Each structure stands twice: as C-alpha cells, then as structure tokens.
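Worksheet for the structure shown next.
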Amino acid sequence: MYAISLGDDGAQLRPLEPWQAPEFLAHMDRGREFIGRHNALPDVVTDLESSRAYLRTYAEKAAADTGRIHGIWAGGELVGAVILRTMDVAQGTAEAGCWLEPSAVGRGLVTRAARVLIDWAVEKRGIHRVEWWVSAGNEPSIAVARRLGMTRDGVLRESHLHRGERHDEEIWSVLAPDWRAAKRQP
C-alpha cells in the first residue's frame, strides 16, 4: 500500500480498504457525534459489518473507476477521509467530500488531502469539473471549498433531509482550467 505525505507534520493520505474496517469503525466511533452533525456516515457505519460494507462499496467503485476513498492519518491514527463520492470519467465530472474527527480539526488536513485527490482526478483521470456538495450550515467545509479555489455555483434550498431536518445544500465546484491556473500561481 502507498502513502502520500501531506506535509512536514507527518500526516499521510492512504487508500482505505475493506480489511481496515476495524480501524475505520474505531475512527467513526471517536468522531460519531461530531461527524454526524452534517454527514450521514455515522448513521451508516455502526458496527464492524457495516464498516466493512461501506469500505467494500468504495473498493468496488475504485475497481470500476467511479469513486475513491482515502484515509487521513495523523500521528499514526486514522482521523478522517477524503472521497470522490462519484466519478464519471466519460463525462469528466466528480463529486469530492470529506470528514474529520474532532482531534484533527484546525490543522489543514482536509484541505491538503483534498488537493491531492482533486489533483489526481484532474491530472490523471481527466476530470473537468469537481463538485463539493455541502450543507449550508457547515462553515468549516465551505471554508475548505474556498481554500481549494472553488466557486459557489448555487444553493439547493431544503434539498437534503438529515436526521429529520431539511437543510439547504451549497454546490461548489472547480474546473480543470481553473485548477491548473491556480497551481501555477506562486
């Protein structure tokens, strides 16, 4: 398995695979309430079998070239992840996402990890448009979209039902030419 350095602090980005289900479940348990404020994943990954099934879904997506999941490790511990929830190479579109447990917040880990994943999608897979769908109330995730150079395309009013409440969703995106131009900036 490979690991990509995320900087001088020792943080790494690595693929998450079904055999890592126990570690993934432990990570989800540590961040369950925090992550669940804006993300339904903690309601899906509740035990070892559901953890394995979730990671298996992404293994199948990777095999079909329709998505990816990579964990973020800090201090040797899985503390978050970035995903390409969807990826349509023929259309040149993908949707990226992320989450972190509370111990990892505020260190720029998601921004650094998302940069690696988006750059791979654009440069290696030919993705033209990467989207970032986020609850309008999730200010930290919106800040990541801004740091990634994304543009807010619009708001889907009350489009997302989460834990019995309707939430507005913002759609942010970056296009391949803009991504490349931003990389050339000093």
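The values are calculated or read from the model by the stated rules, or taken from the named source; none is laboratory data. Just so we're clear, the structure is a prediction, and the values are computed from it rather than from any experiment. When we count neighbours, we look across all protein chains shown, and the Cβ atoms used for this are built from the backbone with ideal geometry, even at glycine. Calculation scope for accessible area: heavy atoms of the full protein, side chains included, ligands and nucleic acids excluded. Shrake-Rupley method; radii C 1.70, N 1.55, O 1.52, S 1.80 Å.
If the condition is being out of contact with any helix residue (DSSP H, G or I) (no Cβ under 6 Å at 6 or more places or on another chain) and not aliphatic (A, V, I, L, M), then segment 32-49 contributes GLU33, ARG37, HIS38, ASN39, ASP43, THR46, ASP47, GLU49. The residues of segment 142-171 that are among the basic types (Lys, Arg) and farther than 22 Å from ARG32 by Cβ, listed by number, are ARG146, ARG147, ARG152, ARG157, ARG166.
Within segment 29-60, being in a helix (DSSP H, G or I), surrounded by 15 or more Cβ atoms within 10 Å (Cβ to Cβ) and in contact (Cβ under 8 Å) with a residue 60 or more places away in the chain holds for ARG30, GLY31, PHE34, ILE35. The lone criterion from (1) part of a strand (DSSP E or B); (2) under 25 Å from GLY154 (Cα atoms); (3) of a type in the set (Gly, Ala, Ser) left unmet by GLY71 is number (2). Checking segment 141-156 against the condition returns a match, with at least one residue being within 17 Å of CYS98 (Cα to Cα), in contact (Cβ under 8 Å) with a residue 60 or more places away in the chain and under 17 Å from the mean Cα position of the chain (by Cα).
Residue check: is ARG68 farther than 20 Å from ARG30 by Cβ and either open to solvent by less than 60 Å² (accessible area, probe 1.4 Å) or in contact with a His (Cβ under 6 Å, 6 or more places away or on another chain) (or both)?
Details: farther than 20 Å from ARG30 by Cβ: yes; either open to solvent by less than 60 Å² (accessible area, probe 1.4 Å) or in contact with a His (Cβ under 6 Å, 6 or more places away or on another chain) (or both): yes.
Answer is yes for this residue.
Where residues in segment 74-104 are in a loop (DSSP other than H, G, I, E, B) and touching a helix residue (DSSP H, G or I) at 6+ places or on another chain (Cβ under 7 Å), which of them is most open to solvent (accessible area, probe 1.4 Å)? Break it down into steps so the answer makes sense when it comes.
To start, the set of residues in segment 74-104 that are in a loop (DSSP other than H, G, I, E, B) comprises 75-76, 89-92, 101.
Narrowing further to those that are touching a helix residue (DSSP H, G or I) at 6+ places or on another chain (Cβ under 7 Å): 89, 101.
Numbers: VAL89: 51, GLU101: 6 Å².
Within segment 74-104, the match that is most open to solvent (accessible area, probe 1.4 Å) is VAL89.
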